[in-house]
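All remarks here apply to the structure that follows.
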Amino acid sequence: MRPCPKLATDIIIENERGIVLIDRLNPPYGIAICGGYAEVGITLEENAIKEAMEETGLEVMLYNPEKPFCVKSDPKRDPREHIVSTVYIGWADGTPEAGSDAKKTLVFSNLELSDLLENHPERFAFPDHHDILSMYLKARNKIPVPDFGFLGIDDYIDTCKWYYGSKI
């Protein structure tokens, strides 16, 4: 039997403070998007939500479960083995707390994330997480960034529904 790539999910988590990432506890070390191997018996969407909860303690709502943000499948994307990852974007209220594979959680504003991407790409555990987050920021600039002092979460979700073209 021919070996097959492993399947995983990653999730970009937005919250009122910014973008939630983790500093990995296990190799490969560095900053990463939350995620992990897909588990038998649950959907990829459920897996992404589960991984976010395990690594940050946050309960995430996916913006568009039926249309992931992107899929990454380069055989060299992960130094451990060939892993194909489906990437989602979601929202979570609350303060993230490190758990499972996370040494600590990190929250970046869009400006701080842009600086990290531009000036410190070596800090990422996986090179394609740099690429995914760069794509995310470019896409994110096409819809309004929430200011919850002015724009309520319901208005923001309505904007996301309009932008992503489906029910979230």
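The values are calculated or read from the model by the stated rules, or taken from the named source; none is laboratory data. Keep in mind that what you see is a predicted model, and the values were worked out from it rather than measured. Neighbour counts are summed over all protein chains in view; Cβ atoms, including those assigned to glycine, are modelled from backbone coordinates with ideal geometry.
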**Fill in**
Flagged in the range 84-101 as under 24 Å from ASP131 (Cβ atoms) and β-branched (Val, Ile, Thr), in numbering order, are VAL84, THR86, VAL87, ILE89
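Could you identify the single residue in GLU14, GLU54 that is in contact with a Ser or Thr (Cβ under 8 Å, 6 or more places away or on another chain) and among the charged types (D, E, K, R)? Give the derivation first.
Numbers: GLU14 fails: in contact with a Ser or Thr (Cβ under 8 Å, 6 or more places away or on another chain).
Of GLU14, GLU54, the one residue that is in contact with a Ser or Thr (Cβ under 8 Å, 6 or more places away or on another chain) and among the charged types (D, E, K, R) is GLU54.
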**Restricting the range 11-67 to residues that are surrounded by fewer than 16 Cβ atoms within 10 Å (Cβ to Cβ) and among the charged types (D, E, K, R), the residue that is nearest to ASP101 (Cα to Cα)** = GLU54
**Message:** For the range 93-107: of the residues being of a type in the set (A, V, I, L, M, F, W, C) and modelled with pLDDT of 95 or more, which is surrounded by the fewest Cβ atoms within 10 Å (Cβ to Cβ)?
**Reply:** VAL107
**Criterion (touching a residue at least 40 places away in the same chain (Cβ under 8 Å), farther than 15 Å from TYR136 by Cβ and charged (D, E, K, R)) met by exactly one of LYS103, LYS67** = LYS103
**Fill in**
Conditions (1) polar (S, T, N, Q); (2) touching a strand residue (DSSP E or B) at 6+ places or on another chain (Cβ under 7 Å); (3) modelled with pLDDT under 80 -> THR159 fails only (2)
